[in-house]
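Accompanying notes for the structure given below.
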Amino acid sequence: MNLATFCLEVFLGSVLAGLVGALTGLGGGVILVPLLVLAFKVDLHHALGASLISVIATSSGAAAAYVREGYTNLRLGMFLELATTLGAVLGANLLGILPKRWVALIFGLVLIHSAYTGYRNRQVDGRDVGPSDPLARRLRLEGTYPTPQGLRPYGVHRVLPGLGLMGLAGVLSGLLGIGSGALKVLAMDRIMGLPYKVSTTTSNFMIGVTAAASAGIYLREGYINPVLSCPVVLGVLVGAFLGARILPKSPVPRLRLLFAGVIALLGIQMLLQGIRP
């Protein structure tokens, strides 16, 4: 395969990754890492580096549209980034210590668990669990989001457990070269009780900041290849813009089913990659 064909195929795969990442709040990395490793035979560390850059592109491409449409909870996102940013720096520093097979196995297990949880709760869009926690009210983390019936208010619950899971999401982001959107969405959706579209859009806003915290370490280690990263970033940006246009019109059960199906398939593939000698 010549360079031009390789770049074109990577670009087209990245468009799909950006589209799915924007719709589910997972970030493009959850598609890109298995795609680059399994389909294009790219070294795992370089795939993680390109994925990390793509996560920043996904966040930049979709976040502005979601903020403008009123879905993203900016105040909550910036608060939770305190934990994810610290975790991302820690995870990136672990990259040179853990074997590649371990990283692939961790990635696969995280994806399969997220797929199971997302499928099980695919009909749910937020939960009525009473007023917001005192800490959430003090920090003014509540918000509203648009629905066909007008703006709908929502509360924020279990702030400290959610913050702890965000720290773990940050570690996985730095270690695996992803935005760890799966854990971010689960933390906001299932633990903190936010509506699903608010969870996915706020996750999209957050993943870029988390990824940027560890990108410098990947660059220092030589894991970011411009020839690979350029078509990845361009493709993911195109896909992210398309996803931002589609999401407001998409029903929540279908988004949850897409979330579960995609990451279950990829999780199985990455587990096989880690198990093989």
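The values are calculated or read from the model by the stated rules, or taken from the named source; none is laboratory data. Because the structure is predicted, anything quoted here is derived from the model rather than measured. Cβ atoms come from the backbone with ideal geometry, glycine included; neighbour counts cover every protein chain shown.
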Original post:
For the subset of the stretch 146-183 comprising residues that are surrounded by fewer than 20 Cβ atoms within 10 Å (Cβ to Cβ) and of a type in the set (A, V, I, L, M, F, W, C), which member is modelled with the lowest pLDDT?
Top reply: L168
Original post:
Quick check, is N73 in contact (Cβ under 8 Å) with a residue 40 or more places away in the chain, buried (at least 22 other Cβ atoms within 10 Å of the Cβ) and of a type in the set (S, T, N, Q)?
Top reply: yes
**OP:** Have a look at L271, L247 and point out the one that is of a type in the set (A, V, I, L, M), surrounded by fewer than 22 Cβ atoms within 10 Å (Cβ to Cβ) and within 20 Å of A115 (Cβ to Cβ).
**Re:** L271
Original post:
Which condition breaks for L86 when tested against (1) part of a helix (DSSP H, G or I); (2) modelled with pLDDT under 75; (3) among the aliphatic types (A, V, I, L, M)?
Top reply: (2)
Subject >> Count - residues of the stretch 114-145 that are modelled with pLDDT of 75 or more and either within 22 Å of Q269 (Cβ to Cβ) or of a type in the set (D, E) (or both) >> reply: 4
Original post:
Do the conditions hold for I263, that is, is it more than 17 Å from the chain's Cα centre (by Cα), farther than 16 Å from S60 by Cβ and among the aliphatic types (A, V, I, L, M)?
Top reply: no
**OP:** For residues that are at pLDDT 85 or above and surrounded by fewer than 19 Cβ atoms within 10 Å (Cβ to Cβ), tally how many sit in the stretch 220-237.
**Re:** 6
Subject >> Residue pairs meeting the criteria (Cβ under 7 Å; at least 6 apart or on separate chains; first closer than 14 Å to R75 by Cα, in the stretch 140-158; second of a type in the set (D, E, K, R) and assigned to a strand (DSSP E or B)) >> reply: T144/R152; Y145/R152
Subject >> Flag for L237 being closer than 22 Å to Y71 by Cβ, assigned to a helix (DSSP H, G or I), in contact with a helix residue (DSSP H, G or I) (Cβ under 7 Å, 6 or more places away or on another chain) and touching a residue at least 24 places away in the same chain (Cβ under 8 Å) >> reply: yes
**OP:** Run down L26, L48, L52, L32 and say which single residue is outside any helix (DSSP H, G or I), of a type outside the set (D, E), at pLDDT below 85 and under 19 Å from S173 (Cβ atoms).
**Re:** L26
**OP:** Test V209 against the criterion of being in a helix (DSSP H, G or I), of a type in the set (V, I, T) and at pLDDT below 80, and give yes or no.
**Re:** yes
